[in-house]
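The values are calculated or read from the model by the stated rules, or taken from the named source; none is laboratory data. From a predicted model like this one, the values you see are computed outputs, not experimental measurements. Methodologically, a virtual Cβ is constructed for each residue, glycine included, from the backbone with ideal geometry; neighbour enumeration extends over all protein chains shown. Surface areas here come from the heavy atoms of the whole protein model, side chains and all, with no ligands, DNA or RNA. Shrake-Rupley method; radii C 1.70, N 1.55, O 1.52, S 1.80 Å.
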Amino acid sequence: MPLLRFIAGRLVKGVIVLIAIATVNFFLIRAAPGDPASVLAGEAGAADEEFIRQLREQFGLDQPIMTQLWLYLTDIVTLDLGFSYRQGRPVLELIMERLPATLLLTGAAFIFSLTLGIVFGILAARRVGKWSDTAITTGALFFYATPLFWIALMSQIIFALWLGWLPNTGFRTIGADYTGLRYALDVGMHLILPAATLGLFFTALYTRMMRASMLEIAGSDFVKTARAKGVPEGRIVRRHIARNAILPVVTLAGLQAGQIVGGAVLTETVFGWPGIGRLMFEALAQRDYQVLLGVFFVSSAMVVLFNLITDIVYRVADPRIEVGR
């Protein structure tokens, strides 16, 4: 019951947060320069005032701003994210079509970064001052400070163009018509470069945090007591040091899971990955307000969901935490 009350409370708070975010995003989008009706009229080759007025009336852009906000929020309650005037399709349909690709990319990047970050952090902490520790911390600092777009371009040049080991762009091989296992392997080969590129920054972050947390806990009294009792070093590292050191890493990973979705915008654009990040980039260039608002809302909902999952996982990892507080 305490866990259920905790989840219910967080869900209520999450709904309030989503409404606030949707409201802020609505006003920020409307404050951006450019009129979607003018863009459409220009593409149609009829940029006269009457045609623009008809477009604004058709898409509700002629109504007062507060009326547009109210209609937008009431539609969100029914999961109606609007209609894309640029692509002629419902926004929710466009997002659901692209969302699986984004979830695959961000999920792979999250697992990649968290796994390598924990492993490298433990290795660096157990070899403090040695060449392996120096190599790991230097590599982590390099990938932490290097811009994502540079890593993406270099990985394409090295592994796709020079070595020819991996595909350059795309979700799958066009025209191959693979099915079953061959299709899964083909998608997996296309996934390696964008997932690794997106995950390297977070790998560096988790490595540095895991190393620092391991070193801090290694000097705790209960660890010294375990060593004094003759407990094997490997067991001390596994059950006493690593298990406690991983808690702040899990917390940080959960809080930053939503940021991976934000990083996917650039990654999907560079690698031609057909996800919602690329959809958002295209909508921004086309002044497609409804698609932008829809992507922002779905991304915010994913962040709220990831934070809730993080709180639950944290409680499972450390039973001493009271979920009702």
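Here are some notes:
- Size descriptor for the range 180-271, Kirkwood hydrodynamic radius: 15.9 Å (Cα pairs only, one decimal).
- With the highest mean first, a sort of the peptides 198-208, 272-282, 95-105, 11-21 on other beta-carbon atoms found within 10 angstrom per residue produces 198-208, 272-282, 95-105, 11-21.
- Among the trypsin sites (Lys or Arg not before Pro) in the range 103-172, those located in a DSSP loop and surrounded by at most 13 other Cβ atoms within 10 Å of their own Cβ are 130.
- Computed accessible area, residue 66, all protein chains, 1.4 angstrom probe, square angstrom: 110
- Between residue 16 and residue 103, the C-beta separation translates, for a Förster distance of 30 Å, into a calculated FRET efficiency of about 0.75.
- Spin-label model, residue 192/residue 158: points 7 Å from Cα along the beta carbon direction are separated by 1.4 nm.
- Between the C-alpha center of the range 165-233 and that of the range 96-118 there is a gap of 11 Å.
- Probe 1.4 Å - accessible area at residue 174, Å² to nearest ten: 140
- Rounded if a/c under 1.5, otherwise prolate or oblate - the range 93-150, Cα gyration tensor axes: oblate
- Residues with amide H under 5 Å from that of residue 84, placed H, sequence gap 5 or more: 89, 91
- Contour excess over end-to-end distance, with Cα ends at residue 312 and residue 228 and 0.36 nm allotted per residue: 26.8 nm
- Per-residue extension of 0.36 nm, minus the Cα-Cα distance of residue 282 and residue 28, leaves a gain of 89.7 nm for this segment.
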